[in-house]
Structure formats: structure tokens, C-alpha cells
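Report on the following structure.
All of the numbers you see were taken from the coordinates with simple rules; none came from a lab. Fair warning: this is a prediction, and the values are worked out from it, not measured in the lab. No Cβ is skipped: glycine too gets one built from the backbone with ideal geometry, and neighbour counts run over all protein chains shown.
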Amino acid sequence: MAMSGGEIKKEICMELCGSKPYYKKMMQQMKEKGEAETIFGCHPRTLHIKKNAVMQIVEDVPGIMARYEARQLAVNEEKSYRRATISQVIYNMYLAGVFYEPKKKETLSNQREQADTAPVYYAPYEIKGKSDENRGSKLCGILIFQQEAILLYNMEDRNIKWMKAVEENTQTTLFKLWGKMGTARQIIFGTDMEQIIMENYVKEQEYRLFHRNQAYNRVTPEAGMYYIPNGNAGTIFLRLFFHPELVDGLKNRLRDRFQIPVISLLPLYLPACVQIMQERQQLGVLCLREQEQFVHWLNDGENIRVFSVKKQDMEQYLEKLGKE
């Protein structure tokens, strides 16, 4: 869209005019003079405004250029942020040994037929480009691992929000391409998820409440997502996600030795946080030493027993496994 002429969406034009009655009046005058026409088809509800008509709007509506420039700046910043979040996810995949080679891999619809169990990353356009209803999705990629499709998101240093209907449609599109029904697992990357949970939850006597926006969903401990930090900090969690048998083995040994149920935060599974919060019986929690404070915040009762592992010990174990 350009203020010197060309196509301009109806919604944007109405916003720039300031009111619906004034917008209708201006459009009627321009259509009568042949200065504007409505284009239907691939871009419904789009107006084509000629240069002199645009200048008329600029002259008649005070401050319209400042509003337009501010809007464009916000759009450009949002696009840049969006590119950065996707690039970060690709970098996370690279650190964990998952490479993005769009020209050398099978299409998403064909990948389910492959027997190869090595994880493969697909860009979000593999799904978002299939339907206009997916355009607003916060999806940052799809991870194919052991014939399972996993949706990837990135919250960076903020708690992202999304429209529930859009993300549900993304799941539906994935089902159509993948040919398997059910809810796909999700990984959300970011920074200080533990801090976001602690800041957004309000502790009360017997329960905790999360303050939600009515129009959007936000990431909460109830969300069926795995959380993995961005960058090098999250590489160990991502590798453990690819090797769940290692974590299961540790859990089983701790369970058999101490005769209590054990859950894992390697990586951090958000519904597990709710389980720890609400648990009143004996429960063991397997985590990294850096996560101990967060576990005690979730539940500081004497019934919670923390089994922490040094990060460097786990890294050495994974390196040894990779050489075998």
C-alpha cells in the first residue's frame, strides 16, 4: 500500500478517515468522479484509489499522514520481530543438530511415509500457506520426529498471545497434510518461562488464578506445551526431548529406589507444573540444579522431593551417548 496511489484495504482507509460516515462520504464522491473503484476477487474489500483522490484525503483529514506513518512503522516492526522469532527457532534446531534444508527434504505431506527417524524442521509456511485462515498463527515451524509432527512456537522474552480459533485451524490443516488425527504436541521456545509463570500466577489460600485476556489465549501452566529456552541454554533440553528413554530411565530408577512417583521437568512440561502445584502426596521431581528454586516456588511442601542433576553432568552423558 502506498499513499501516492494504488491499492488500499477498506479497513485501513476507514481507520485513516477517522469515522465510518466520513469514509462513506469520501468514497462515494471519489467513485462518482471515477477516482476510486472497488476490487473484488483475490483481495476482497479492497479499494483502488488514484493519486489525486489520495491527496484529497490527505488534505481533508488532519494528521492522516502521521497516523499512516505510525501504522506502517508498527507493521514493519511486527514483521521484523516475526522474522527474528522464526530465525531463532531455526538456530535452536541447528544447535541440536536439526538442519533446515528446504530444497533437499521431502514435502510435509510426503514426509510421513519416510522411515528415517532423524528429526526434520519445516518452516511455518508449509502450513500457513495452505489456508488464509492460518495467516494469523504464531507458528514458527514444524518438527518431524519419529513420524510425529510437533508444532513449534517462540515467545522470546514475552508471553505471546494468539487467537484460539486460528491455532485450532492450524492443527486441522496439519491433520489434513499429515494424515493423522489427534492433538499435535507443541514446543514453545523463549526466555525465563519460569519467571513469566511466577509473575502471572497469583497465589491464594487453596488455588491459583491466571489473569487472561478475553480475546486471546496466552501461555499458561495448563497449556499442553513443552518449554525449552532459546539458544545454548535450551540445547540440552531439546536433545533430551529427542531421547525420552534417558529421562524415563532416570525416573524409573529414582522411583524404584525411593518408592515414590517421579515426574520430570527435563524438558519442562507445563501441565507438570500444575501437577506439582496441586500435589499433596509424596512426589519426586527430576530437574536440573538451576530449576530447583522454581520447583520450590511451585510447591514448597515437605511432600515434594527434588532430584536435581548438574547441567554439566547431563551434557557429558549426552556427549558420551552421541559418540556411541
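Tabulated data
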quantity	calculated
Pairwise label distance in nanometres, residue 289 with residue 311, each label 7 Å out on the Cα-Cβ vector	1.1 nm
Environment charge of residue 310, counting only residues whose C-beta is closer than 12 Å and scoring Lys/Arg +1, Asp/Glu -1	-2
The stretch 243-323 - charge dipole about Cα centre, Lys and Arg +1 at Cβ, Asp and Glu -1, debye rounded to 20	200 debye
Within the stretch 285-320, GluC sites (Glu not before Pro) in DSSP loop having at most 11 other beta-carbon neighbours inside 10 Å	302
Residue 191 versus residue 303: modelled label distance in nm, points set 7 Å from Cα along the beta carbon direction	3.7 nm
For peptides 217-227, 154-164, sequence by mean Cβ density within 10 Å, most packed first	217-227, 154-164
Cross-link table 128/164; 130/176; 20/164, entries beyond 18 Å C-alpha to C-alpha	20/164
Ranked 82, 257, criterion: other C-beta atoms within 10 Å, fewest first	257, 82
Cβ crowding within 10 Å averaged over residues, with 244-253, 85-94 ranked highest first	85-94, 244-253
Ranked 320, 311, criterion: other C-beta atoms within 10 Å, fewest first	320, 311
Shape metrics for the stretch 243-323, restricted to C-alpha atoms - Rg then Dmax, Å	12.8, 42
Calculated FRET efficiency for the pair residue 20/residue 319, C-beta based, R₀ 51 Å, to 0.05	0.20
